[in-house]
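First up is the structure itself, then whatever we jot down about it.
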Amino acid sequence: MGVLSENLDNISSNSFISTSPESIEKKETTHRRLYSRHVQLIAIGGSIGTGLFVTIGSSGLVNGGPLGLLLSYTLWTGIILMLTTAVGEMVSFLPVNSPFLTMAGRVVDPAFECAFSINFWLMESLYIPFEITAVNGMIHFWRDDYSPAITLCIQIVIYGVINVFAVRLYGESEFWLSIGKLILCIGLLFFTVVTMCGGNPKGDAFGFRHWNVEGGPMATYLTTGALGRFQAFLAALRFSACFTVVGPEYMSMVAGEAINPRKTMPTAFKTVLYRLAIFYIGGAISVTILIAYNDPKYVALTADTSNTASSPYVVAMQNLQIKVLPHIVNALVLSAAFSAGNSYTYCSSRALYGLARRGFVPKIFSWCNKHGVPIYAVAVSICFSFLSLLQLGSSGTKVLNYMVSLCTGSQLLNYGFMSITYIRFYGACQAQGIDRRTFPYKSWFQPYSIYIASFFIWCVIGILGYEVFMPGSWSVDSFLYNYVMIFVSLAAFIFWKLLKRTKFIKPSEADLYSGIEEIEEHEYEYYAEIEAQQNDESAKGKFRTALNWIL
């Protein structure tokens, strides 16, 4: 709750420096209106979604078993933490719109930036229909005697309304929805501890019983024996951990609209990382304790023919004969999926906005209304949400699996591009004699940690759809869902390379400082505004200090 106490005075819409963003920002650009509490909660909100509450069981537990799930989440969380600290250094150094994409064009190659940006934009755009489909699937927990088009269209309209209005509306909505996610995560961790010790209607202290079901703690996948168990671990890693455990992109994308970014962004990167690690690994442990990976009811609900997106927590509560709580948790999980879809709509529109600002797509997508909203970019993002209507012609679970495959492939490729960008950024700092210790945020154990993260990321990209290459397992659909984004990015790179005749940038010639002056000017005006108002708010300042100390 440190975010709340630190910024409790900013909760109202007229908080602290409510008039300064308008005076600082120019018309037809995004505005810096997101406070520290917004940035940190948006980062958590975008990182905690359907994956942690739903697909962690259907794609992870069922395929990998309890041990496979836990090992995969622990490994991938460590890799993403190493990557996030590296990206955090770049973003805190240059907190502009789409910072890691911008840096890619400065330290690698403009054609690489083009491919990177298009992949990121498509990834965020494809996540939107995924979350919408998941929300509809969770509504089936209560009833299924309706057309899915009703809920799908309602959610699309709500996303459009939130993202078309001023960015503060998005920040406020995501702030409160993210608080709900935090409460849900913490509540489920406590629920697991209480019920496993016997605090349930059955009075059954089941402990780690589900780790000892038939077949042992490790499932088998595709084959049997040791090879089958190893492939089960890979399945949990590829289908669940790599999809669920995210982090650097959501914190980074708000850098261009954060107030006082060179203070806000380092704080966000330092604190959010560890909270997410607790939630990811803690969530994996909780799921393995609460439900068996071969539970007949849960296996049936997660089959491709099912229209229900079922949370393993809800099924576990039903198995324990808990009456009301499953409805409450399902409603909160539904709101978490809605919140994640809201974040993806925001990030998708800002990624397209960044593409237009850098000339990769038509300039019309960079036009912002008087509230600083890139209206045409938001419209394109909303168009992607209509892909959720695919559920009308197929089962909900099958559509979810399609979306998971596409998003995971794009997301892994995005992380691979990030690792290359930081390696080149680090090399440019070395070549130009820049002391990284002077940066607002300095990542640890560099460059070795980024080398380790990069190695594992690119290995997983290579094996993402390896089953299709096994004898008798070829499937065009599976191959495309897992690898199509590689070909899209490669085509974008080659196209821009040939069109603009770009060259790979030498580390000594990399541009690391453009945009710094604008940020410093914003900070000067920001602190001047604070100083002017602090003279009249000494009493309120004491009240805020007391609240910060208490909370």
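The values are calculated or read from the model by the stated rules, or taken from the named source; none is laboratory data. None of these values were measured; they are calculated from a predicted model. Positions of Cβ are backbone-derived with ideal geometry, glycine not excepted, and every protein chain shown enters the neighbour counts. Ligands, DNA and RNA are stripped out before the accessible areas are found, and what is left, the full protein with its side chains, is counted by its heavy atoms. Shrake-Rupley method; radii C 1.70, N 1.55, O 1.52, S 1.80 Å.
List the relative contact order of segment 382-474 as a percent without decimals, with contacts defined as Cα pairs under 8 Å and 6+ residues apart.
Details: 30 pairs, mean separation 30.0, N = 93.
Here the relative contact order equals 32 percent.
With a Förster radius of 45 Å, plug the Cβ-Cβ distance of Y513 and T74 into 1/(1 + (r/R0)^6) and report the FRET value to the nearest 0.05.
Working: r = 39 Å, r/R0 = 0.86.
Calculated transfer efficiency: 0.70.
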Next item on the list: With a 1.4 Å probe and every protein chain kept in, tell me what percent of the accessible surface of segment 265-371 is carbon plus sulfur.
Entry: 66 percent
Notebook entry, point to check: Distance in nm between label sites at I183 and I364, each 7 Å beyond Cα in the beta-carbon direction?
Noted result: 4.4 nm
Notebook entry, point to check: From the phi of every residue in segment 150-161, what ³J(HN,Hα) in whole Hz does the Karplus formula 6.51 cos²θ - 1.76 cosθ + 1.60 yield, where θ is phi - 60° and glycine or proline is x?
Noted result: 5, 5, 4, 5, 4, 5, 4, 5, 4, 4, x, 5
Next item on the list: At 7 Å along the Cα-to-beta-carbon direction for both Q432 and W176, put a label point, then send me their distance in nm to one decimal.
Entry: 4.4 nm
Notebook entry, point to check: Summing Lys, Arg as +1 and Asp, Glu as -1, what charge do residues with Cβ under 13 Å from the Cβ of F112 carry, F112 excluded?
Noted result: +4
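Anything over 27 Å Cα to Cα? Flag those among K270/K503; K442/K506; K363/K503; K363/K500, in the order listed.
Values: K270/K503 35 Å; K442/K506 23 Å; K363/K503 24 Å; K363/K500 17 Å.
Listed pairs above 27 Å: K270/K503.
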Note to self: Apply the a/c threshold of 1.5 to the C-alpha gyration tensor of segment 362-500 and tell me whether it is rounded, prolate or oblate.
What the structure shows: oblate
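Could you put D477, D109, D511 in order of accessible surface area, largest first, with the 1.4 Å probe and the full protein assembly present? Intermediate results must be reported in sequence, preceding the final value.
Details: D477 85, D109 0, D511 60 Å².
The most accessible residue leads, giving D477, D511, D109.
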Next item on the list: Give, in nm to one decimal, the length gained when the segment between Y451 and I150 is fully stretched (0.36 nm per residue of separation minus the Cα-Cα distance).
Entry: 103.6 nm
Next item on the list: Could you check the simple spin-label distance between L499 and L480, using points 7 Å along Cα→Cβ, in nm with one decimal?
Entry: 2.4 nm
